[in-house]
Amino acid sequence: MKIGIIGLGYVGLPLAVAFAEAGHEVVGLDTDVRKIEALREGRSYVEDVADEALAPLAGHIRPTADHADLASCNSVIVCVPTPLTSAREPDLTYLVESATALSRVLQPEQLVVLESTTYPGTTRERLAPILEESGMAVGRDFHLAFSPERIDPGRTDHTVRTTPKLVGGVTEACAERARELYAAICDEVIVLSTPEAAELAKLLENIFRSVNIALVNELAQLCDRLGIDVWEVIDAAATKPFGFMRFDPGPGMGGHCLPVDPFYLAFKAREHDFYPEFIELAGKVNQVQPAFCVERVERALNAAGKPVNGSKILILGVSYKAGIGDTRESPALKIARLLRELDGEVTYHDPHVPAVPELGLESVDLAQALRDTDLAAIVTAHPEVDYEELVAKAPLVVDFRGVTRGIEAKNVVRL
Ligand SMILES: NC(=O)c1ccc[n+]([C@@H]2O[C@H](COP(=O)([O-])OP(=O)(O)OC[C@H]3O[C@@H](n4cnc5c(N)ncnc54)[C@H](O)[C@@H]3O)[C@@H](O)[C@H]2O)c1
């Protein structure tokens with residue numbers, strides 16, 4: 001097969017690699033010329049794709065910025081961003097732009113699949129009419145389906161191949177084409193009755209996580225008041241072999257999926273005079289969590305007789321999750337800003353993030369920073385950091401990830 005992929009980011013590039021590794025030809029299109037250049041030079045910019053993985057695929061993935069190259073593909077998969085506007089409403093600009101460009105080169109019999117996360121109805125109500133500007137009709141001249149991406153950056157135990165793939169076609173024939181396409185790279189493809197069901201299934205997965213993270217974050221705040229160790233409570237509950245799924249509290253929710261996607265559903269729900277309470281409540285609890293973490297830092301410093309003002313505070317980990325360098329919506333940035341508002345002297349160490357331009361900071365050397373710091377706050381627990389050594393060297397450690405459990409020391413405060 002020859003497969004076109006529009007948008008070669010965290011989702012599109014691993015997908016391109018999966019199809020190429022399965023022996024198919026890939027045309028990878030991106031409007032960011034730096035990404036096209038990097039790929040032409042065999043350089044990956046996504047942690048989950050090593051340069052060594054790209055090298056043998058050089059002849060199978062053709063990076064391009066020219067939509068005309070998509071005309072020769074059997075299928076085209078769209079993986080462009082679906083962020084929020086400043087009013088926190090779905091921003092489909094990238095989707096509309098890429099679909100408009102695709103409609104100009106669309107060919108009879110082609111299959112188009114949307115993988116970007118979005119609200120139910122997008123594929124049928126927004127994407128199909130744009131593609132039909134080509135003069136062709138969906139289901140008759142070309143095929144259209146939705147198939148959510150379920151990638152979890154940094155995860156190695158579940159891959160594109162082993163994670164079941166959901167597909168929902170506008171017609172049965174569309175669904176069948178999508179099933180055939182993904183059967184080439186996934187062990188299991190599950191066909192749903194409509195694109196809307198597939199769109200909503202993806203949102204449910206993310207909202208499920210958001211709600212459960214909010215629940216344990218709220219529990220952490222309550223445990224703080226009650227003087228109970230939240231980690232001990234969660235460890236205990238997690239021993240139940242059924243009916244409980246573990247979620248850990250933390251500094252707040254980051255990444256561009258969990259803080260963003262629920263608003264896509266809330267938007268669609270409002271159109272139908274429905275106000276989803278769980279989504280709003282989870283968003284509210286998770287959004288105040290960084291402020292709660294700052295309060296914990298304040299209290300820890302206070303107990304040591306220091307104000308935040310003028311204290312040297314080292315933040316460990318600024319990406320939104322461990323093992324990756326993505327800082328989008330990271331609670332660490334919020335925490336850093338709040339501490340600065342209190343005139344704390346904030347620095348950070350992150351082996352995956354060399355610089356954070358929006359804070360005007362570069363990652364500092366850990367050993368050197370520990371020689372002159374008042375407090376180290378573990379915000380994102382990257383596996384490369386030796387936490388025992390950290391506890392031994394820092395005068396005060398505030399741990400928002402529970403990684404110092406098992407280390408008995410008087411200078412550690414845990415969430
Ligand atoms: N990253 C994840 O973990 C993840 C997981 C599941 C779903 N998703 C969803 O997948 C979609 C893509 O996410 P991502 O993380 O890969 O984003 P990304 O920003 O890493 O990649 C998107 C790419 O699309 C390109 N692009 C933008 N407009 C374009 C256009 N008009 N034509 C061609 N290319 C264009 C960008 O330059 C970028 O390289 C989003 O809807 C996201 O919510 C992401």
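The values are calculated or read from the model by the stated rules, or taken from the named source; none is laboratory data. Predicted, not measured: the structure shown is a model, and the values here were computed from it. All Cβ positions, even for glycine, are placed from backbone atoms using ideal geometry, and neighbour counts span all protein chains on display. Surface accessibility is based on the protein's heavy atoms, side chains included, excluding ligands, DNA and RNA. Shrake-Rupley method; radii C 1.70, N 1.55, O 1.52, S 1.80 Å.
Here's the yes/no breakdown for (1) more than 22 Å from PRO331 (Cα to Cα); (2) surrounded by fewer than 14 Cβ atoms within 10 Å (Cβ to Cβ); (3) touching a residue at least 24 places away in the same chain (Cβ under 8 Å):
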residue	(1), (2), (3)
VAL160	yes, no, yes
PRO164	yes, yes, yes
VAL167	yes, no, yes
THR171	yes, no, yes
VAL191	yes, no, yes
LEU203	no, no, yes
ALA220	no, no, yes
CYS223	no, no, no
GLU232	yes, yes, no
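For GLY28, the test of being of a type in the set (Gly, Ala, Ser) and assigned to a loop (DSSP other than H, G, I, E, B) is failed. Contact map, region 96-117: residues that are charged (D, E, K, R) and in a loop (DSSP other than H, G, I, E, B) paired with residues that are open to solvent by less than 20 Å² (accessible area, probe 1.4 Å) and more than 9 Å from the ligand (Cβ to nearest atom), Cβ distance under 6 Å, separation 6+ or inter-chain. Pairs shown: GLU115/ILE77; GLU115/SER147. Taking region 86-112 as the range and being near the ligand (Cβ under 10 Å from one of its atoms) and charged (D, E, K, R) as the test, only GLU97 passes. Scanning region 118-154 for residues that are open to solvent by 50 Å² or more (accessible area, probe 1.4 Å) and without any contact (Cβ under 8 Å) to a residue 60 or more places away in the chain gives GLU125, ARG126, PRO129, GLU132, GLU133, GLY135, ARG140, ARG150, ASP152.
Scoring PRO81 on the criteria (1) under 22 Å from the mean Cα position of the chain (by Cα); (2) crowded, with 20+ Cβ neighbours inside 10 Å leaves a single failure, condition (2).
When ARG209 is evaluated against the numbered criteria (1) of a type outside the set (A, V, I, L, M); (2) in a helix (DSSP H, G or I); (3) under 23 Å from the mean Cα position of the chain (by Cα); (4) within 22 Å of LEU13 (Cα to Cα), which criterion, by number, is the only one it fails? Every condition holds for ARG209 apart from (4). Residue count for region 115-129, restricted to those that are within 17 Å of VAL11 (Cβ to Cβ) and either touching a Lys or Arg at 6+ places or on another chain (Cβ under 6 Å) or more than 9 Å from the ligand (Cβ to nearest atom) (or both): 4. Restricting attention to region 130-140, the residues that are within 16 Å of the ligand (Cβ to nearest atom) and touching a Leu at 6+ places or on another chain (Cβ under 7 Å) total 1. Of all residues in region 28-41, those that are within 9 Å of the ligand (Cβ to nearest atom) have Cβ atoms under 7 Å from Cβ atoms of residues that are open to solvent by 60 Å² or more (accessible area, probe 1.4 Å), 6 or more apart or on another chain, in LYS35/TYR45. If you go through region 203-228 and pick out every residue that is out of contact with any Pro (no Cβ under 8 Å at 6 or more places or on another chain) and not charged (D, E, K, R), you end up with 12.
In region 177-203, how many are touching a strand residue (DSSP E or B) at 6+ places or on another chain (Cβ under 6 Å) and in a loop (DSSP other than H, G, I, E, B)? Selection size over region 177-203: 2. Inspection of region 5-25 finds a residue satisfying the criterion of being on the phi > 0 side of the Ramachandran plot and crowded, with 16+ Cβ neighbours inside 10 Å. The condition (being modelled with pLDDT under 95 and out of contact with any His (no Cβ under 9 Å at 6 or more places or on another chain)) is satisfied by just one residue among THR118, THR100, THR122, THR85: THR85.
Of the residues GLU329, GLU341, the single one that is farther than 24 Å from LYS410 by Cβ and either of a type in the set (Ser, Thr, Tyr) or in contact (Cβ under 8 Å) with a residue 24 or more places away in the chain (or both) is GLU329.
Exactly one residue out of PRO331, PRO241, PRO276, PRO251 is under 23 Å from GLY9 (Cβ atoms) and away from the ligand (no atom under 16 Å from the Cβ): that is PRO331.
Identify all residues within region 257-280 that are in contact with a strand residue (DSSP E or B) (Cβ under 9 Å, 6 or more places away or on another chain) and open to solvent by 30 Å² or more (accessible area, probe 1.4 Å); write none if there are none. If the condition is that a residue be in contact with a strand residue (DSSP E or B) (Cβ under 9 Å, 6 or more places away or on another chain) and open to solvent by 30 Å² or more (accessible area, probe 1.4 Å), then PHE263, PHE267 are the ones that fit.
Taken over region 104-115, residues that are open to solvent by less than 10 Å² (accessible area, probe 1.4 Å) and not hydrophobic (A, V, I, L, M, F, W, C) amount to 2.
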